[in-house]
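Q: One structure follows; several queries about it will come next.
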Amino acid sequence: MFKSIQQRLILRYPLLWNTKFIPMGVLLLGLNLCFFILGFALNGISFEETHRNFFDFDVTLLLLSLVISLLVLILWLVNYFKNNMLKSFYPTSKYHVYKEWGLIFLLSFGISSPIYWYNLGKETRYRSYFSREELEKRCVTLRAGSFFLDGSYSYHESDNTVETDVVAVDTVSVDSVETNGEAQNYFMYRGKKYKNTSLLNKNVNSYILFDEKSDSLAIEKLKFWLVTQQKDSLKQLFTDYLKIVKEHQLEANINAEQWLSLINDYPLFEKSHTIGPQMTNDEYYPNIYNNQSVVRDTIDRYIARDNTGTEQEFYKYYVPEKKLNFNYARMADAHEDPDVNLETLIIPVYFALALSLLILSFRVTSGRSWLIGLIAVIILNIILGIFSVIISSSFTYGIGYCVAFIIVSVLFFNTVGQNRTKGYSGVVLNLFLWLLPGLIPLLYELIESYLYYEYNAIDTINLQYSTAYQFKQWLENHVFEINWTNIFLVSIAMLFIGKKIRLWRGIAEA
């Protein structure tokens, strides 16, 4: 069956046969599908985790994908370079070079993207646990529950306001704020004075699903429940929180009623019991706590040795907040801000673009011209790098790159236009193709650098209505779109360049 397909291709679609597109396409589809399945299967969430060593796990898959991709690339090129219609002067259409480059680009993308599909499988697995609506509902409960656990406090910049910005402060080292040279260890809330160490001054563990305003409103609601003694609402919150704990088969040594009684030190909430976010305290360091100047909580914590014989500080009351926060944050990130998106897709696309142009240039020129071109590119980058260091300017490399591109463009199109002998124009063609994708990104960097030096030392408030300044802001906000535009423009340019390459192939060697 395979032989019959190949026979049909060589008779009707010689370009597909020559590029080995069908067998390679099937192989690459299977390879990328396998990595997607690996990403989905190997990245189930264990709610016992509070951290994950991604270096050992994901880097291993990255190295595996690189080795496999390299082997597939070598296998393909060995078979692909056996037959070359361009070098054999086989009759071709005027768009033949562009079509061949397009097929090379697709195969190059398949070769360079297994790790992308692995990560897509991983984040698909994270999103599969809960819908976004259900996840947000659970994160609201977890965020609210974290307010009543051991964690960071806040301070209020003014004692004359009811609502002020919340700023995280370490609970051990900071318990007061300097105001007019005097220590202020209290804040005002709804007309009453509370110590900075009051439960009302706690922060929450947030998630990417929520913005600062949402967090502030959530904190305000919890404080209101406390000062107005809405015990039913608080108890329902703790019940919902512990339902999530039980669902994931995690351990907590208190129930909703105990939780409420432990924290509800009405009206000042200064002596609320400390409830830990896990069984042990990660912030316990014996050499620090042995110092007599450091006050240690001996009411809600105790010192003991764990199963390994290591001295640890344990919480008397705890819930598995660290485990829940770590794993729900992963799921929230996968829904709200996934690592695999159009912005990260551009990495394998750019790699495929570079690889396809390298392969096409070897295909249409010769091994000798290709090698000389490679050496020339290396020397060009070394020279530009040296001049950039000597001149100490961010413009040097970009300007030199653009000048080099203009020179090789003029030389190549002049050779084709005047129908001269090829000479060393094969080297020029290679340089032209290799420099083409970097032209727009470097022009972007040059404009960015110019605008930065132009306006960096000037008060931006006076420039907010400046057209040039607005253009600078626009550039900074549209890097993603500019990169995709570059790929699109290179693809369109190759349609014109492909026809010129076909004409160049017909020119006499000498």
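The values are calculated or read from the model by the stated rules, or taken from the named source; none is laboratory data. Model, not experiment: these values are computed from the prediction. All Cβ positions, glycine included, derive from the backbone under ideal geometry; neighbour counts span all protein chains shown. Surface areas here come from the heavy atoms of the whole protein model, side chains and all, with no ligands, DNA or RNA. Shrake-Rupley method; radii C 1.70, N 1.55, O 1.52, S 1.80 Å.
Q: Which of the numbered conditions does ILE111 fail, given that it passes all the others? Conditions: (1) over 22 Å from LYS322 (Cα atoms); (2) modelled with pLDDT under 95.
A: (2)
Q: Residue check, ASP232 against (1) part of a helix (DSSP H, G or I); (2) surrounded by 13 or more Cβ atoms within 10 Å (Cβ to Cβ), all met but one. Which one?
A: Single failed check for ASP232: (2).
Q: Would you pick out the residues in the stretch 403-446 that are of a type in the set (Lys, Arg) and open to solvent by 20 Å² or more (accessible area, probe 1.4 Å)?
A: In the first step, residues of the stretch 403-446 are kept if they are of a type in the set (Lys, Arg); the result is 420, 422.
The one that is of a type in the set (Lys, Arg) and open to solvent by 20 Å² or more (accessible area, probe 1.4 Å): ARG420.
Q: Does LEU358 satisfy the condition of being under 25 Å from LEU70 (Cβ atoms) and open to solvent by less than 40 Å² (accessible area, probe 1.4 Å)? Give the steps one after another, and end with the answer.
A: Details: under 25 Å from LEU70 (Cβ atoms): yes; open to solvent by less than 40 Å² (accessible area, probe 1.4 Å): no.
The answer is no for LEU358.
Q: Could you list, ordered by first residue, the pairs with Cβ atoms under 7 Å in which the first is in the stretch 380-401 and more than 16 Å from GLU445 (Cα to Cα) and the second is surrounded by 13 or more Cβ atoms within 10 Å (Cβ to Cβ), at least 6 apart or interchain?
A: LEU380/ALA404; PHE387/THR396; PHE387/GLY400
Q: Residues in the stretch 376-410 that are at pLDDT 90 or above, over 31 Å from the mean Cα position of the chain (by Cα) and aliphatic (A, V, I, L, M): how many?
A: 11
Q: Can you tell me which residues in the stretch 393-429 are farther than 13 Å from SER449 by Cβ and not in a helix (DSSP H, G or I)?
A: Answer for the stretch 393-429, where residues must be farther than 13 Å from SER449 by Cβ and not in a helix (DSSP H, G or I): ASN419, ARG420, THR421, LYS422, GLY423, TYR424.
Q: Free of Cβ contacts under 8 Å to residues at least 24 places away in the same chain and of a type in the set (Gly, Ala, Ser) - does that describe any residue in the stretch 328-342?
A: Within the stretch 328-342, none of the residues are free of Cβ contacts under 8 Å to residues at least 24 places away in the same chain and of a type in the set (Gly, Ala, Ser).
Q: For the stretch 493-510, which residues satisfy the criterion of being more than 17 Å from LYS422 (Cβ to Cβ) and exposed (fewer than 11 other Cβ atoms within 10 Å of the Cβ)?
A: Of everything in the stretch 493-510, just one residue is more than 17 Å from LYS422 (Cβ to Cβ) and exposed (fewer than 11 other Cβ atoms within 10 Å of the Cβ), namely PHE496.
Q: Which condition breaks for LEU222 when tested against (1) outside any strand (DSSP E or B); (2) open to solvent by 20 Å² or more (accessible area, probe 1.4 Å)?
A: Failing condition for LEU222: (2).
Q: Which condition does ALA332 not pass, out of (1) under 28 Å from ILE45 (Cβ atoms); (2) at pLDDT below 90, if it passes all the others?
A: (2)
Q: Output yes when any residue across the stretch 447-454 is of a type in the set (S, T, N, Q), modelled with pLDDT under 85 and in a loop (DSSP other than H, G, I, E, B), and no when none is.
A: Going residue by residue through the stretch 447-454, those that are of a type in the set (S, T, N, Q) are 449.
The next check asks that each one be modelled with pLDDT under 85; those that pass are 449.
Those left that are additionally in a loop (DSSP other than H, G, I, E, B): none.
No; the residues of the stretch 447-454 include none that is of a type in the set (S, T, N, Q), modelled with pLDDT under 85 and in a loop (DSSP other than H, G, I, E, B).
Q: Give the residues of the stretch 196-219 that are open to solvent by 30 Å² or more (accessible area, probe 1.4 Å) and at pLDDT 90 or above, sorted by residue number. Show your work before the answer.
A: Within the stretch 196-219, the subset open to solvent by 30 Å² or more (accessible area, probe 1.4 Å) is 197, 205-206, 208, 211-214, 216-217.
Answer for the stretch 196-219, where residues must be open to solvent by 30 Å² or more (accessible area, probe 1.4 Å) and at pLDDT 90 or above: ASN205, SER206, ILE208, ASP211, GLU212, LYS213, SER214, SER216, LEU217.
Q: Starting from the stretch 207-224, take each residue that is touching a residue at least 12 places away in the same chain (Cβ under 8 Å) and among the β-branched types (Val, Ile, Thr) and list its partners that are open to solvent by 20 Å² or more (accessible area, probe 1.4 Å) and outside any helix (DSSP H, G or I), counting only C-beta distances under 7 angstrom and pairs at least six apart or across chains.
A: Close Cβ pairs satisfying both conditions: ILE208/ASP337; ILE219/VAL166; ILE219/VAL204.
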